[in-house]
Amino acid sequence: MGIDMSREGVKFGIYLPPDLARDLEVCMKVLGIESKSRFVQEALRSFINENRWRLGGRVIGIIGVIYDHEVGDVDKELTDIQHDYLDIIASTVHVHVDKRRCMLGIMVNGDVSKVKELLSRIVNTRGVLHAKPLLLSVEESHKPTST
């Protein structure tokens, strides 16, 4: 069932389990949001913005990487990988977590397909323990309307 986009706005009902409904009320109170419609709109906007990058286009964000620097040549391999993506890497930061583990923060800005390729190479590098992207689409979208 599609949504009729020819109207000013769209109304629809949703089911919330009791625990989620309680969390909604608490969160609305803490944030000072009085309208459930406004709250749901903001939550949906946030969810869509967090996931829009998966659709393609240009993204900006950071890839967080935790790795064990004592495994093989992982430092050199990660540096070499980064050098292959200088066109999308804006900056990096290196943090020593403890005697064995380090964290890289790789700031990226570019086409999502290249960012996914970079992420795949990082994840498949021996010694990388965890890699997680925080990416936001910078593609134009529908402008928010007031309610």
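The values are calculated or read from the model by the stated rules, or taken from the named source; none is laboratory data. Fair warning: this is a prediction, and the values are worked out from it, not measured in the lab. Counting neighbours? That spans all protein chains shown, and the Cβs are built from the backbone with ideal geometry, glycine included. Just the protein is used for accessible areas: all its heavy atoms, side chains included, with ligands, DNA and RNA removed. Shrake-Rupley method; radii C 1.70, N 1.55, O 1.52, S 1.80 Å.
Quick one: in the stretch 60-74, of everything that is in contact (Cβ under 8 Å) with a residue 24 or more places away in the chain and outside any strand (DSSP E or B), which residue is nearest to Asp111 (Cα to Cα)?
Kept after step one, since they are in contact (Cβ under 8 Å) with a residue 24 or more places away in the chain, are these residues of the stretch 60-74: 60-72, 74.
Checking which are outside any strand (DSSP E or B) leaves us with 69-72, 74.
Working: His69: 29, Glu70: 32, Val71: 31, Gly72: 31, Val74: 26 Å.
Once the filter is applied, the top-ranked residue is Val74.
Kindly indicate the residue of the stretch 94-119 that is under 26 Å from Glu70 (Cα atoms) and among the acidic types (Asp, Glu) and also nearest to the chain's Cα centre (by Cα) among those meeting that condition.
Glu117
Would you check if there is a residue in the stretch 78-95 being in contact with a strand residue (DSSP E or B) (Cβ under 7 Å, 6 or more places away or on another chain), buried (at least 16 other Cβ atoms within 10 Å of the Cβ) and modelled with pLDDT under 95? Full working, then the answer.
Filtering the stretch 78-95 down to residues in contact with a strand residue (DSSP E or B) (Cβ under 7 Å, 6 or more places away or on another chain) leaves 78, 82, 87-95.
Subset that is buried (at least 16 other Cβ atoms within 10 Å of the Cβ): 78, 82, 88-89, 92.
Within this subset, residues satisfying the condition of being modelled with pLDDT under 95 are none.
No, every residue in the stretch 78-95 fails to be in contact with a strand residue (DSSP E or B) (Cβ under 7 Å, 6 or more places away or on another chain), buried (at least 16 other Cβ atoms within 10 Å of the Cβ) and modelled with pLDDT under 95.
Tell me whether the stretch 101-118 contains one or more residues that are assigned to a loop (DSSP other than H, G, I, E, B) and touching a residue at least 24 places away in the same chain (Cβ under 8 Å). Walk me through how you get there before you give the answer.
In the first step, residues of the stretch 101-118 are kept if they are assigned to a loop (DSSP other than H, G, I, E, B); the result is none.
Taking every residue of the stretch 101-118 in turn, none turns out to be assigned to a loop (DSSP other than H, G, I, E, B) and touching a residue at least 24 places away in the same chain (Cβ under 8 Å).
For Arg54, are the conditions met, namely being within 18 Å of Ser137 (Cα to Cα), in contact (Cβ under 8 Å) with a residue 40 or more places away in the chain, open to solvent by 60 Å² or more (accessible area, probe 1.4 Å) and assigned to a helix (DSSP H, G or I)?
On the way: within 18 Å of Ser137 (Cα to Cα): yes; in contact (Cβ under 8 Å) with a residue 40 or more places away in the chain: yes; open to solvent by 60 Å² or more (accessible area, probe 1.4 Å): yes; assigned to a helix (DSSP H, G or I): yes.
It is true that Arg54 is within 18 Å of Ser137 (Cα to Cα), in contact (Cβ under 8 Å) with a residue 40 or more places away in the chain, open to solvent by 60 Å² or more (accessible area, probe 1.4 Å) and assigned to a helix (DSSP H, G or I).
Counting only residues that are among the polar types (S, T, N, Q) and at pLDDT below 95, which one in the stretch 114-143 is surrounded by the most Cβ atoms within 10 Å (Cβ to Cβ)?
The first filter runs over the stretch 114-143 and keeps only residues among the polar types (S, T, N, Q), leaving 120, 124-125, 137, 141.
If we keep only those that are at pLDDT below 95 too, we end up with 137, 141.
Details: Ser137: 21, Ser141: 11.
It comes out as Ser137.
Output the number of residues of the stretch 12-47 satisfying the condition of being in a helix (DSSP H, G or I) and touching a residue at least 40 places away in the same chain (Cβ under 8 Å).
4
So in the stretch 58-70, with the set limited to residues that are open to solvent by less than 30 Å² (accessible area, probe 1.4 Å) and not aromatic (Phe, Trp, Tyr), which one is farthest from the chain's Cα centre (by Cα)? Steps first, answer last, please.
At the first step, the residues of the stretch 58-70 found to be open to solvent by less than 30 Å² (accessible area, probe 1.4 Å) are 59, 61, 63-65, 67-68.
From the residues that got through so far, the ones that are not aromatic (Phe, Trp, Tyr) too are 59, 61, 63-65, 68.
Values: Val59: 10, Gly61: 7, Ile63: 9, Gly64: 11, Val65: 14, Asp68: 24 Å.
Looking at the filtered set, the residue picked out is Asp68.
Quick test of your reading of the structure: Gly9 fulfils all but one of (1) under 26 Å from Ser137 (Cβ atoms); (2) free of Cβ contacts under 8 Å to residues at least 24 places away in the same chain; (3) loosely packed, with under 12 Cβ neighbours inside 10 Å. Name the failing condition by number.
Unmet condition: (2).
Out of (1) surrounded by 13 or more Cβ atoms within 10 Å (Cβ to Cβ); (2) over 23 Å from the mean Cα position of the chain (by Cα); (3) modelled with pLDDT under 95, what's the single condition that is false for Tyr15?
Failing condition for Tyr15: (1).
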